[in-house]
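Chemist: After the structure tokens below, expect a handful of questions from me.
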Amino acid sequence: SREVRRLVDPHRPCQKEVDAHNLTHLPFRNWCPHCMRGRGKEMPHQRQAAHKEMLHEFSLDYCFPGDTGGVAPLTVLVTRERITRMVQGIVVPRKGAHTPTAQKVVGCVKELGCENVEVAVKSDQEPSIRAMVREVCRLRSPAGVRTIPEASPAYSSASNGLVERRVQSVGAQIRVMRSALEEKWQVAISENHEICASLVDYSGYFLNRCE
């Protein structure tokens, strides 16, 4: 006879565990409706072999966490460092080089202790993100340390896969937190609501410290 596969029964824990989970919604829990709503379609992450090179590599990519199916008002620049796996989300007014945004990326480099060491800044070949990489390199040049700009091959998403998977994580975490906040406030939060900028900031904060 054929054995029937049983589905996982998401038993709801005690209220104390629920309250603790609701502070950050990390790690993922299948009994949490907001985790399921925000992360239900996310593909499982595959662990990559450890890279022997010890050069710190910061990858940049854009994220659009809106769920309307069209062009979302919210544009987010995601920074991901390869060795530490730290991530940062920054709300930007539009694609392209903006000095205040580049300063935040440089601040992320400094926070990880890489202010005075050689680093690589990687992106795909989209002109807007390449312009941002050049601005980051320019801001780091007075420190007298080398910043290596790198571009993944055209039409090769696998070459920039580390940051692309983190982009999915940041977008999912923003949606989870937005869903939980909508339930708490009993209102629908649009993508251009001013609170969304804070959700972006805290998404990286929670992923770095709680996942």
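Chemist: Give me the pairs, please: first residue somewhere in the stretch 104-116 and within 14 Å of residue 80 (Cα to Cα), second residue anywhere and among the acidic types (Asp, Glu) and part of a loop (DSSP other than H, G, I, E, B), beta-carbon distance under 9 Å, and either six or more positions apart or on two chains.
Modeler: From residues that are within 14 Å of residue 80 (Cα to Cα), the pairs are 106/115; 109/115.
Here's the yes/no breakdown for (1) under 22 Å from residue 95 (Cβ atoms); (2) in a helix (DSSP H, G or I); (3) open to solvent by less than 50 Å² (accessible area, probe 1.4 Å); (4) at pLDDT 85 or above:
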position	(1), (2), (3), (4)
131	yes, yes, yes, yes
161	yes, yes, yes, no
176	no, yes, yes, yes
184	no, yes, no, yes
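Chemist: Of 89, 113, which residue is surrounded by fewer than 16 Cβ atoms within 10 Å (Cβ to Cβ) and farther than 11 Å from residue 58 by Cβ? Talk me through it step by step, then tell me what you get.
Modeler: Numbers: 89 fails: surrounded by fewer than 16 Cβ atoms within 10 Å (Cβ to Cβ).
Among 89, 113, only 113 is surrounded by fewer than 16 Cβ atoms within 10 Å (Cβ to Cβ) and farther than 11 Å from residue 58 by Cβ.
Chemist: Which of the residues belonging to the stretch 116-129 are under 18 Å from residue 103 (Cβ atoms), out of contact with any His (no Cβ under 7 Å at 6 or more places or on another chain) and of a type outside the set (S, T, N, Q)?
Modeler: Looking only at the stretch 116-129, we keep the residues that are under 18 Å from residue 103 (Cβ atoms), and these are 116, 119, 121, 123, 128-129.
Among the residues that remain, those that are also out of contact with any His (no Cβ under 7 Å at 6 or more places or on another chain) are: 116, 121, 123, 128-129.
Residues satisfying the conditions are 121, 129.
Chemist: Moving to a separate point now. So which residues in the stretch 73-89 are at pLDDT below 90 and touching a Pro at 6+ places or on another chain (Cβ under 7 Å)?
Modeler: 74
Chemist: Something else now. With respect to residue 151, is the statement that it is open to solvent by 30 Å² or more (accessible area, probe 1.4 Å), in contact (Cβ under 8 Å) with a residue 60 or more places away in the chain and in contact with a strand residue (DSSP E or B) (Cβ under 7 Å, 6 or more places away or on another chain) true? So that I can check it myself, show each step before the final result.
Modeler: Numbers: open to solvent by 30 Å² or more (accessible area, probe 1.4 Å): yes; in contact (Cβ under 8 Å) with a residue 60 or more places away in the chain: no; in contact with a strand residue (DSSP E or B) (Cβ under 7 Å, 6 or more places away or on another chain): yes.
For residue 151, the condition - open to solvent by 30 Å² or more (accessible area, probe 1.4 Å), in contact (Cβ under 8 Å) with a residue 60 or more places away in the chain and in contact with a strand residue (DSSP E or B) (Cβ under 7 Å, 6 or more places away or on another chain) - is not met.
Chemist: Out of the residues in the stretch 16-36 that are of a type in the set (A, V, I, L, M, F, W, C) and either assigned to a helix (DSSP H, G or I) or within 16 Å of residue 184 (Cβ to Cβ) (or both), which is most open to solvent (accessible area, probe 1.4 Å)? Steps first, please.
Modeler: Just the residues of the stretch 16-36 that are of a type in the set (A, V, I, L, M, F, W, C), to begin with: 18, 20, 23, 26, 28, 31-32, 35-36.
Right, trim to either assigned to a helix (DSSP H, G or I) or within 16 Å of residue 184 (Cβ to Cβ) (or both) and you get 18, 20, 23, 32, 35-36.
On the way: 18: 5, 20: 60, 23: 131, 32: 3, 35: 0, 36: 90 Å².
Selected residue: 23.
Chemist: Would you mind finding the one in 191, 150 that is within 30 Å of residue 35 (Cα to Cα), over 16 Å from the mean Cα position of the chain (by Cα) and of a type outside the set (A, V, I, L, M, F, W, C)? Can you show your working first?
Modeler: On the way: 150 fails: within 30 Å of residue 35 (Cα to Cα).
Among 191, 150, only 191 is within 30 Å of residue 35 (Cα to Cα), over 16 Å from the mean Cα position of the chain (by Cα) and of a type outside the set (A, V, I, L, M, F, W, C).
Chemist: Does residue 95 meet the test of being part of a strand (DSSP E or B) and either free of Cβ contacts under 8 Å to residues at least 60 places away in the same chain or of a type in the set (Lys, Arg) (or both)?
Modeler: no
The values are calculated or read from the model by the stated rules, or taken from the named source; none is laboratory data. A quick note: this is a predicted structure, and the numbers were derived from the prediction, not measured. Quick reminder, even Gly has a Cβ in these numbers, built from the backbone with ideal geometry, and neighbours come from all protein chains shown. Heavy atoms of the whole protein, side chains included, go into the accessibility calculation; ligands, DNA and RNA do not. Shrake-Rupley method; radii C 1.70, N 1.55, O 1.52, S 1.80 Å.
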